[in-house]
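Engineer: Got a structure for you, questions after.
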Amino acid sequence: MVKVKKIIVFPAAAIFLLFIFFPAFSKIQEIKQETRELNERIENIKKENSLLEEEAKKLTSDDFYIEKVAREKMGITKKGETIYKVLPED
């Protein structure tokens, strides 16, 4: 009789504990995954921020870079210059 109770009680207790701890374990795994994704996003933003800071520094101190940006992005030319656009062959 005691043996039968042990056979029933231990698996029942294991199943009960599984139902109690599995949702918490699942939530912990979900939070860990979210943390990894956020850390990756932070690293990407830090890299982008570093590149932007570098460009901002160039735009305030490097005359050649300022001229390059003005020519390429804004289409500014020097007096007497003519801009030619080369079209790709189809």
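Engineer: Run the simple label-point estimate for residue 60 and residue 12 please: 7 Å along Cα→C-beta, distance reported in nm.
Structural biologist: 7.3
Engineer: A further question follows. If R₀ is 22 angstrom, what is the calculated FRET efficiency for the pair residue 41 and residue 72, using the beta carbon separation as r and rounding to 0.05?
Structural biologist: In this case the efficiency is close to 0.15.
Engineer: Based on the alpha carbon coordinates of the chain, what radius of gyration and maximum Cα-Cα distance (Dmax) apply, in Å?
Structural biologist: Rg and Dmax of the chain, Cα atoms, are 32.5, 107 Å.
Engineer: Now a separate question. For every helix of n ≥ 4 consecutive DSSP H residues, a contribution of -39,500 (n - 2.57) applies; sum these over the chain, divide by its total residues, and give [θ] at 222 nm rounded to the nearest 500 deg cm²/dmol.
Structural biologist: When only DSSP H runs of four or more count, the value is -29500 deg cm²/dmol.
Engineer: Enumerate the calculated ³J(HN,Hα) couplings along region 42-58 in order (Karplus 6.51 cos²θ - 1.76 cosθ + 1.60, θ = phi - 60°), each rounded to whole Hz, writing x wherever the residue is Gly or Pro.
Structural biologist: Coupling constants for region 42-58: 4, 4, 5, 5, 4, 5, 4, 4, 4, 5, 5, 5, 5, 5, 4, 5, 5 Hz.
Engineer: May I ask you to list the aspartates and glutamates whose Cα is less than 13 Å away from that of residue 79, ignoring any residue fewer than eight positions away on the same chain?
Structural biologist: none
Engineer: How many lysine pairs does region 1-60 hold where the Cα atoms are under 29 Å apart and the two sit 8 or more places apart or on different chains?
Structural biologist: Total qualifying Lys-Lys pairs in region 1-60 comes to 7.
Engineer: Let me ask something else. Between the helical axis of 63-74 and the dominant principal axis of the chain, each derived from Cα atoms, what acute angle in degrees is found, rounded to the nearest 10?
Structural biologist: So the helix axis and the longest Cα principal axis differ by about 80 degrees.
Every read-out reported here was derived from the displayed coordinates using simple, explicitly stated rules and does not represent laboratory data. It should be emphasised that the depicted structure is a prediction, and the values quoted were computed from it without experimental measurement. Backbone-built Cβ (ideal geometry, glycine too); neighbour counts: all protein chains shown.
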